[in-house]
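Visitor: This is the structure I want to talk about, given as structure tokens.
The values are calculated or read from the model by the stated rules, or taken from the named source; none is laboratory data. What you see is a predicted model; the values in this text were computed from it and never measured. Here the Cβ is made from the backbone with ideal geometry for all residues, glycine too, and neighbour counts use every protein chain on show.
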Amino acid sequence: MTTPAIDDPVSSIRNLGPATDAVYARAGITTATQLRELGPDAAYAMLLKSGARPHFISFYAMVMGLQGRPWNDCKGKEKDALRERFDAIKDGVTPDPLSGIEKILNEIGVIERH
């Protein structure tokens, strides 16, 4: 096993594919090291705040990946506990008013600025 480089992409973490790099980057998380340092709960809150839609499987796949485990290794009481964490994160985060498509439209000048 090789030692991860400090600037390895988020997708270098087990269970996180190449498409996740863009999703995490929109939240300001651009490296696997940064994701590890933030931890799964803070990182997932940042994703939701940036406009990502909440999805339990993506949360626990990330948690399992950070532990070096396959996503489908999460079962039983452990999965139930992760569901409680996921729900708490989801319930505690309000997306930025200009996130997702609204942010992009604002940046390119489609939304009237006040």
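Visitor: Tell me which of these G76 doesn't satisfy, since it passes every other one: (1) more than 19 Å from P9 (Cα to Cα); (2) crowded, with 17+ Cβ neighbours inside 10 Å; (3) modelled with pLDDT of 95 or more.
Guide: Only one criterion is unmet by G76, namely (2).
Visitor: Let me ask something else. Is there a residue being under 26 Å from D7 (Cβ atoms) and without any contact (Cβ under 8 Å) to a residue 24 or more places away in the chain anywhere in the stretch 48-57?
Guide: Within the stretch 48-57, none of the residues are under 26 Å from D7 (Cβ atoms) and without any contact (Cβ under 8 Å) to a residue 24 or more places away in the chain.
Visitor: Within the stretch 94-114, is even one residue among the polar types (S, T, N, Q), modelled with pLDDT under 95, more than 27 Å from D7 (Cβ to Cβ) and surrounded by 11 or more Cβ atoms within 10 Å (Cβ to Cβ)?
Guide: Checked the stretch 94-114: at least one residue is among the polar types (S, T, N, Q), modelled with pLDDT under 95, more than 27 Å from D7 (Cβ to Cβ) and surrounded by 11 or more Cβ atoms within 10 Å (Cβ to Cβ).
Visitor: Test L48 against the criterion of being more than 20 Å from N15 (Cα to Cα) and at pLDDT below 95, and give yes or no.
Guide: So L48 does not fit the description; no.
Visitor: Under the condition of being of a type in the set (K, R) and assigned to a helix (DSSP H, G or I), which residue from the stretch 11-64 is farthest from R85 (Cα to Cα)?
Guide: R26
Visitor: Let me ask you something else. Identify all residues within the stretch 51-70 that are among the basic types (K, R) and at pLDDT below 95; write none if there are none.
Guide: The one that is among the basic types (K, R) and at pLDDT below 95: R53.
Visitor: Another one. Taking L48 as meeting all but one of (1) over 17 Å from D91 (Cβ atoms); (2) within 10 Å of the chain's Cα centre (by Cα), write down the number of the exception.
Guide: Status for L48: all satisfied but (1).
Visitor: Here's something else I'd like to know. Are any of the residues in the stretch 13-23 farther than 25 Å from K79 by Cα and buried (at least 19 other Cβ atoms within 10 Å of the Cβ)?
Guide: For the stretch 13-23, residues farther than 25 Å from K79 by Cα and buried (at least 19 other Cβ atoms within 10 Å of the Cβ): absent.
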